[in-house]
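Participant: I'd like to ask some things about the structure below.
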Amino acid sequence: MKPGDKDKLNQCLDILDTTDLGLSMVWLWTWSTIKGLMKDEQYKFTKSEDEVWDMLSEAVTKGYGFSLEYGAEQNYEDITDWLIHNEIMIDLMFEDDDD
């Protein structure tokens with residue numbers, strides 16, 4: 001870690017503390033994972049970033065959620081499953097060549 005990292009993390013916490021997100025660190029991790037998947041060439045997103053955010057917000061409002069209780073790998077799997085199940089993201093490894 002660098003000396004300035006503490007200040008940067010404190011700034012992040014200040015921002016997170018102003019959100020209406022109950023478990024803000026879980027949502028930061030979840031959104032970071034989604035943003036990372038959007039950049040991953042193994043996947044193709046069928047929705048824009050704003051549409052993904054809206055769909056995530058709607059799912060959360062209906063009671064759907066993610067957790068870090070079982071670790072980062074399980075969270076990653078849960079997020080990718082949700083994205084694929086809701087046809088937000090396509091895993092190109094399994095995409096049909098005829099498409």
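Participant: Across region 43-75, which residue is modelled with the highest pLDDT among those that are surrounded by 12 or more Cβ atoms within 10 Å (Cβ to Cβ) and among the polar types (S, T, N, Q)?
Facilitator: Taking the candidates together, the pick is 46.
Participant: Here is a list of conditions, (1) out of contact with any strand residue (DSSP E or B) (no Cβ under 6 Å at 6 or more places or on another chain); (2) assigned to a helix (DSSP H, G or I), and residue 70 meets all of them except one; can you say which number that is?
Facilitator: Going through the list (1) out of contact with any strand residue (DSSP E or B) (no Cβ under 6 Å at 6 or more places or on another chain); (2) assigned to a helix (DSSP H, G or I), residue 70 breaks only (2).
Participant: Hey, another quick one. Looking at 38, 93, which is the one that is surrounded by 12 or more Cβ atoms within 10 Å (Cβ to Cβ) and not basic (Lys, Arg)? Full working, then the answer.
Facilitator: Numbers: 93 fails: surrounded by 12 or more Cβ atoms within 10 Å (Cβ to Cβ).
Being surrounded by 12 or more Cβ atoms within 10 Å (Cβ to Cβ) and not basic (Lys, Arg) holds for just one of 38, 93, which is 38.
The values are calculated or read from the model by the stated rules, or taken from the named source; none is laboratory data. Everything numeric here is computed off the predicted structure, so don't read it as measured data. Cβ sites come from the backbone with ideal geometry, for glycine too, and all protein chains shown count toward neighbours.
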